[in-house]
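Down below is the structure, laid out as structure tokens.
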Amino acid sequence: VGLHSHGFWRPKPLLDTARFTPSFNSWRRKNHQDSQALWKHEAVQKYLETLSKEYQQVSHQLSADSLNDFEQRALRRRCADLSPIAAAFQEIKEAEREVQELEAMCTELDSRDEKQLLELALEEKESLDKKMNMLCRKLFQLLVPKEKYDRSPVILEVTAGRTTGGDICQQFTKEMFEMYQSYAEYKRWTFDIVNYTPAEIGGLHHAAAHISGENVYRHLKYEGGTHRVQRIPETGLSSRMQRIHTGTMSVIVLPQPEEVDVKVDPKDLRIDTFRARGAGGQHVNKTDSAVRIVHLPTGVVVECQQERSQQLNKEVALRALRAKLYQRVIEKQLSQEQSARKLQLGTRAQSERIRTYNFTQDRVTDHRISYDARNIKEILSGKEALDKLINRLLEFAEIEAVTQYLENLQALERGS
């Protein structure tokens, strides 16, 4: 942000990452990437100092009598953007001073008589470290621009892969779908099953659900991709041989804005009805209430079989079709926005293995952030452990966006 040569204020976005290309890996290779590590980086300190000074300058400018209405509105908007950042910056600086004072005190407390006091000081320092990390996370969330669809509900689809291990993929797909269903309950979201195609031996071939609630897409957008399972099947020859099988399943997460304005010509649709195969009572299994819609120009296929009424299933399927067609527009926009990011989180590329669930070692590994979590059952329960993993992904993506902006800002400064 700055004053135009003619005197009026010209605001710029806080983090306009779309304008830059990434070019700085050395810092991340040398440092564990978390909020506090990024906070201590010289470029971050310099940038935040600049924003803090700008906030003071803007506040001072607002008191000038020579500004016209347009200039005042622009300044007020910029002041509103900068105020929470400047406040968070000062709050972190204050917490940092408290940590430094405690560290200085701890170096002096080395005699036996002061051992208890030293333990109390170390506990206080640990508490302050947690506070610092929380404040840094809050600050970077303020800096990172919110994605357009973060608050949108989603359509989540799961599909079993193929393996020589028989039903291992279908069973894993069922467990994953139930995990997301439990996670929706944990987050107090609404989870409506749209399609459910069970496998013959207790597993799941394919399923889809509409999930709505607070910030659903924000939390689930990095779940899209290929999930790998490694386990010894519970039944069959391979279980007696104690042979580990590897299988995959895929997750697709489609943001579904409340108003999806996509025109669909009825002439472009082929609508088929069939008998429902999933759970839902005797009625759905005795009538041709299930609906399959094929969009002929694109080949996109949607199904719905969960409602009792064929008409209701058709309406749900049409909404899902519009969401899928709209997703093509969204995917193009998201790929443009994220093409410069090194991490490539959120591409939802199905060929990319994003996570491995190793049952024999009781470990879940997210390959994008090199993060290991123990206790697979806790993850698959869809509660606190899964929420922790998802929030770790969100934090990493926020740090990645801030790092990308600052490193390119440095490149621009060197170039000029």
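The values are calculated or read from the model by the stated rules, or taken from the named source; none is laboratory data. Being a predicted model, the structure only gives us computed values, none of them experimental. Note that each Cβ is placed from the backbone with ideal geometry, even for glycine, and that neighbours are counted across all protein chains shown. The area values use the complete protein model at the heavy-atom level, side chains included, leaving out ligands, DNA and RNA. Shrake-Rupley method; radii C 1.70, N 1.55, O 1.52, S 1.80 Å.
A few remarks follow.
- Residue check: P153 meets all listed conditions (1) under 15 Å from P255 (Cα atoms); (2) out of contact with any strand residue (DSSP E or B) (no Cβ under 9 Å at 6 or more places or on another chain); (3) not polar (S, T, N, Q) but one, namely (2).
- Taking first residues from the range 175-202 that are more than 15 Å from E303 (Cβ to Cβ) and touching a residue at least 24 places away in the same chain (Cβ under 8 Å) and partners that are in a loop (DSSP other than H, G, I, E, B) and among the hydrophobic types (A, V, I, L, M, F, W, C), the Cβ contacts under 9 Å between residues at least 6 apart in sequence or on separate chains come to Y183/W189.
- The criterion of at least 2 residues that are small (G, A, S), under 30 Å from the mean Cα position of the chain (by Cα) and modelled with pLDDT of 80 or more is met, among strands (runs of 3 or more DSSP E) falling completely within the range 239-317, by 245-255.
- Residues that are surrounded by fewer than 18 Cβ atoms within 10 Å (Cβ to Cβ), more than 20 Å from the chain's Cα centre (by Cα) and of a type in the set (S, T, Y) occur in the range 108-115; there is at least one.
- Only a single item in (1) crowded, with 17+ Cβ neighbours inside 10 Å; (2) over 33 Å from the mean Cα position of the chain (by Cα) is not met by F89, and it is number (2).
- Condition check for D34: under 27 Å from F396 (Cα atoms) and either modelled with pLDDT under 75 or open to solvent by 80 Å² or more (accessible area, probe 1.4 Å) (or both): yes
- Selected residue [at pLDDT 85 or above and assigned to a helix (DSSP H, G or I)] from E119, E96: E96
- In the range 294-328, residue farthest from L254 (Cα to Cα) [restricted to those that are polar (S, T, N, Q) and surrounded by 15 or more Cβ atoms within 10 Å (Cβ to Cβ)]: Q310
Table: residues versus (1) of a type outside the set (D, E); (2) modelled with pLDDT of 80 or more; (3) out of contact with any helix residue (DSSP H, G or I) (no Cβ under 8 Å at 6 or more places or on another chain).
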site: N133; (1), (2), (3): yes, yes, no
site: C136; (1), (2), (3): yes, yes, no
site: L139; (1), (2), (3): yes, yes, no
site: E147; (1), (2), (3): no, no, no
site: Q170; (1), (2), (3): yes, yes, yes
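- Within the range 40-86, being part of a loop (DSSP other than H, G, I, E, B) and either farther than 25 Å from T403 by Cα or small (G, A, S) (or both) holds for S63, A64, D65, S66, L67, N68.
- Being assigned by the TED database to the domain that holds K46, over 32 Å from the mean Cα position of the chain (by Cα), of a type in the set (A, V, I, L, M) and surrounded by fewer than 12 Cβ atoms within 10 Å (Cβ to Cβ) is a property that A64 has.
- Filtering the range 203-231 to residues that are more than 20 Å from Y186 (Cα to Cα) and open to solvent by 10 Å² or more (accessible area, probe 1.4 Å) leaves H205, H206, T226, R228, Q230, R231.
- With respect to the conditions (1) modelled with pLDDT under 75; (2) assigned to a helix (DSSP H, G or I); (3) in contact with a Pro (Cβ under 9 Å, 6 or more places away or on another chain), L15 falls short on a single one, namely (2).
- Note on the range 118-156: among residues that are small (G, A, S) and surrounded by fewer than 19 Cβ atoms within 10 Å (Cβ to Cβ), the one that is farthest from E101 (Cα to Cα) is S127.
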